[in-house]
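The values are calculated or read from the model by the stated rules, or taken from the named source; none is laboratory data. These figures come from a predicted structure and were not determined experimentally. For neighbour counting, all protein chains shown are included, and Cβ atoms are generated from backbone atoms with ideal geometry for every residue, glycine included.
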Amino acid sequence: MEACLAESGVEEGLVLVNAMHITASVFINDDESGLQADFETWLETLAPEKPHSQYAHNGGEDNADAHLKRQIMGREVVVAITGGALDLGPWEQIFYGEFDGKRRKRILVKIIGE
Amino acid sequence: MEACLAESGVEEGLVLVNAMHITASVFINDDESGLQADFETWLETLAPEKPHSQYAHNGGEDNADAHLKRQIMGREVVVAITGGALDLGPWEQIFYGEFDGKRRKRILVKIIGE
Amino acid sequence: MEACLAESGVEEGLVLVNAMHITASVFINDDESGLQADFETWLETLAPEKPHSQYAHNGGEDNADAHLKRQIMGREVVVAITGGALDLGPWEQIFYGEFDGKRRKRILVKIIGE
């Protein structure tokens, strides 16, 4: 991200960071391994993967739960750029979460400003 | 959306698309009818409409559940514009979800860039 | 917010409003006290604070639930600026929600446009 930002030369603006896959999320939270485990457990409680038959989407697919989990965690974040740097709070870290586990990871980074 | 974008003449920028109603969502996910049904069932599990009396909001209203559902699905999406087109992943589709069912649908589309 | 906007002189653009804390949210919903109470009760159902031991994050902390609640309510909102004013729907109000309760409240407001 910092490399994209440096390349853009933008000093004041916004950056959009989004998952390009609909079973994945880009989100901001704490970089703490216990919390990452908590997210997985919690999302599985709210939108269990199995039985696959509980979801209408799972005729030819088996990843309906990943589409639901991604709605809770969100598709995108928008972050301010101030003085040429990401304007994040002290503990804010940007994460990519993949809930299907079988996709190549692609995110989109779009920077606007001047 | 494509018509708005063409009219704007913006080649590089961002578009904000948001619900103007607080019982509704604009979100991005898969355009698959089974999944749409799964979202409805799932949201009803997480934030059941009835009994109406379970919500303090339902003194003069009966749509508290719709306000909760909308928080899970989100109010808005921000999408990159690249080369004059929406820069969406292969399966990304923008949806409007209305959880109260009694409102005229209005969304806001704001395009910035150059 | 209106003061920030007036100071910026921006007539057409976007404003990003985000929590700088990872146990807090900025969100848009209805300014109704019953609904605010409903949100608290509902979030406690989906991500209960106690027992603290149910979360791996709570080795040295006791606020894992607040990190989860914030994901449901969201980190940020992006709002259109039109004619020098926030372009909000009739009932849309911007809120700050703190789920840990022990932090000084800081939000970031970033305005872009012209």
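Data table
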{"item": "Yes/no for B:ALA85 being more than 9 Å from every other protein chain (Cβ to nearest Cβ) and modelled with pLDDT under 95", "result": "no"}
{"item": "Within region C:25-55, considering residues that are buried (at least 17 other Cβ atoms within 10 Å of the Cβ) and at the interface with chain A (Cβ under 9 Å from one of its Cβ atoms), the one farthest from the chain's Cα centre (by Cα)", "result": "C:TYR55"}
{"item": "Matching residues, region B:1-20, being within 10 Å of the chain's Cα centre (by Cα) and at pLDDT below 95", "result": "none"}
{"item": "Residue that is farthest from the other protein chains (Cβ to nearest Cβ) [pool: residues in region C:89-114 that are buried (at least 17 other Cβ atoms within 10 Å of the Cβ), in a loop (DSSP other than H, G, I, E, B) and not aromatic (Phe, Trp, Tyr)]", "result": "C:ASP100"}
{"item": "Any chance B:VAL17 is within 27 Å of C:ILE111 (Cβ to Cβ) and assigned to a strand (DSSP E or B)", "result": "yes"}
{"item": "Residue within region C:61-75 that is part of a helix (DSSP H, G or I), surrounded by fewer than 22 Cβ atoms within 10 Å (Cβ to Cβ) and at pLDDT 95 or above present", "result": "yes"}
{"item": "Filter pass, C:VAL10 being part of a loop (DSSP other than H, G, I, E, B), crowded, with 16+ Cβ neighbours inside 10 Å, more than 11 Å from chain A (Cβ to nearest Cβ) and touching a residue at least 40 places away in the same chain (Cβ under 8 Å)", "result": "yes"}
{"item": "Condition check for B:GLY59: at the interface with another protein chain (Cβ under 8 Å from one of its Cβ atoms) and on the phi > 0 side of the Ramachandran plot", "result": "no"}
